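Have a look at the structure below before the remarks.
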Amino acid sequence: MKYKPANNIQDLQYFGEYGGVNPSISDSSTYTFLSAKTMFDTFEGNAEGCYLYSRHSSPSNLYLGEALAAMEGTETATVAASGMGAITSALLQLCQAGDHIVSSRTVYGGTYAFLKNFIPKFNINTSFVDITKPEVVEAALTKNTKVLYCEAVSNPLLEVADLEALAKIAKKHQLSFVVDNTFSPLSISPEKLGADVVIHSLTKFINGSSDAVGGVTCGSQEFINSLRSVNDGANMLLGPTMDSMRAASILKNLRTLHIRMKQHSQNAMYLAERFQQDNLRTVYPGLKNHPGHESFKKQMNEDYGFGIDVGIDVGSLDKANELMELMQEKNLGYLAVSLGFYKTLFSAPGSSTSSEIPVEEQKEMGLSDGLIRFSIGLDNEIERTYKTMKSCMQEVGIL
Ligand SMILES: Cc1ncc(COP(=O)(O)O)c(C=O)c1O
């Protein structure tokens, strides 16, 4: 049976507090109880439908969490103030001192820095591996390994993880398999392929307006309850709480995600094909020569294409900077990090979003200086965009 995540979002039905088609925004940090007994039960986690304090949960945050759980097909979900808030809390919840994590080496720079520089202070250590080689992943496991971590499609090299193969390894060795699905919302559904926990930075495609920072952790009721526990829950105790106003606005944007993903992906495919024909080294999983093409195809839900992100290697950082400045001047988009905006965004990840990764390691993983990461916009006339981009490339001598 094909999995259809957009239908799950479409089928959600809301009757707001006053019959509004959008749920009313909860504007309270604390909640009254009609009896002291209910308050006690709520603190004990036994009063379904009652709220105690908005760092724990709030109606607006629960609405957004449930919509994202519907998208990913997990039992439930909890939202966080940022993608990093979701990632760090989930990992700290799953690991004790002395535990070991096996992670893909091509993960978002912030995640890499957390695993490499921050979490070792709790005696939790990480081995970074080439996630596209299941045999290498299995060889890196130790008797202390608790978590297998990767991005379904990695930032910024667009490596594609074979989630089914990795889930098998995780099951065999009783590991929690945690997948960051920020780069492939709707197109890949990690839980359906065996992931235990699915995380997103909502800041990117899901919100899609570059006006909010947010994250979500989707998983089993038991795991999400543990994150929210007043006694030892990382989300509750570390406090990466999303604001209710933001939760309400992200929920509204989520409803058009399927339309945006189609247009972004269609534009990305068009440009990737053209750039490749122009003999530029182009990284895009939709291209047949991309090492992850078949793997992406095997795992994808139809309709949403191969994603928004296209990489182009223009040879050197100087050339990359020159081209990006010119493209901004010609109003093709913005020289900015992040992804999923209506206008194209471009940056050189080696010196920005992945700068936490030491240069030697960047080289080893194939992250070159001259790589420009494009988050392709929603341009209605992509041919016009291509023509202007090509003339910029000619002007700086790349073509
Ligand atoms: C794949 C991925 N995961 C997580 C994050 C972190 O998310 P946030 O910036 O919302 O904390 C990012 C941010 O760039 C990302 O690209």
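The numbers here are math on the coordinates, done by the rules we state, and not lab data. Not measured: the values here are computed from a predicted model. Counting neighbours? That spans all protein chains shown, and the Cβs are built from the backbone with ideal geometry, glycine included.
A residue that is crowded, with 21+ Cβ neighbours inside 10 Å and farther than 20 Å from Pro190 by Cβ occurs somewhere in the range 283-296. At least 2 residues being touching a residue at least 60 places away in the same chain (Cβ under 8 Å), closer than 28 Å to Thr256 by Cβ and within 16 Å of the ligand (Cβ to nearest atom) is the threshold, and among the strands (runs of 3 or more DSSP E) wholly inside the range 279-398 those reaching it are 309-313, 371-375. Within the bounds of the range 107-129, is there any residue that is under 19 Å from the mean Cα position of the chain (by Cα), assigned to a loop (DSSP other than H, G, I, E, B), surrounded by 23 or more Cβ atoms within 10 Å (Cβ to Cβ) and within 15 Å of the ligand (Cβ to nearest atom)? Checking the range 107-129: at least one residue is under 19 Å from the mean Cα position of the chain (by Cα), assigned to a loop (DSSP other than H, G, I, E, B), surrounded by 23 or more Cβ atoms within 10 Å (Cβ to Cβ) and within 15 Å of the ligand (Cβ to nearest atom).
The residues of the range 185-204 that are among the small types (Gly, Ala, Ser) and away from the ligand (no atom under 11 Å from the Cβ), listed by number, are Ser187, Ser189, Gly194, Ala195.
Only a single item in (1) within 20 Å of Asp232 (Cα to Cα); (2) surrounded by fewer than 24 Cβ atoms within 10 Å (Cβ to Cβ); (3) not aromatic (Phe, Trp, Tyr) is not met by Ser35, and it is number (1). Residues in the range 140-155: is at least one part of a helix (DSSP H, G or I), within 16 Å of the ligand (Cβ to nearest atom) and crowded, with 17+ Cβ neighbours inside 10 Å? Within the range 140-155, not a single residue is part of a helix (DSSP H, G or I), within 16 Å of the ligand (Cβ to nearest atom) and crowded, with 17+ Cβ neighbours inside 10 Å.
Restricting the search to the range 66-103, which residues are hydroxyl-bearing (Ser, Thr, Tyr) and more than 11 Å from the ligand (Cβ to nearest atom)?
Narrowing the range 66-103 to residues hydroxyl-bearing (Ser, Thr, Tyr): 74, 76, 78, 82, 88-89, 103.
Of everything in the range 66-103, those that are hydroxyl-bearing (Ser, Thr, Tyr) and more than 11 Å from the ligand (Cβ to nearest atom) turn out to be Thr74, Thr76, Thr78, Ser89, Ser103.
Out of all the residues in the range 158-181, is one or more within 18 Å of the chain's Cα centre (by Cα), farther than 21 Å from Met71 by Cβ and either within 16 Å of the ligand (Cβ to nearest atom) or polar (S, T, N, Q) (or both)? Within the range 158-181 (the criterion being within 18 Å of the chain's Cα centre (by Cα), farther than 21 Å from Met71 by Cβ and either within 16 Å of the ligand (Cβ to nearest atom) or polar (S, T, N, Q) (or both)), the answer is yes, since at least one residue qualifies. Using the structure shown, decide if Asn207 is in contact (Cβ under 8 Å) with a residue 24 or more places away in the chain, in contact with a Lys or Arg (Cβ under 9 Å, 6 or more places away or on another chain) and within 11 Å of the ligand (Cβ to nearest atom). Criteria met by Asn207.
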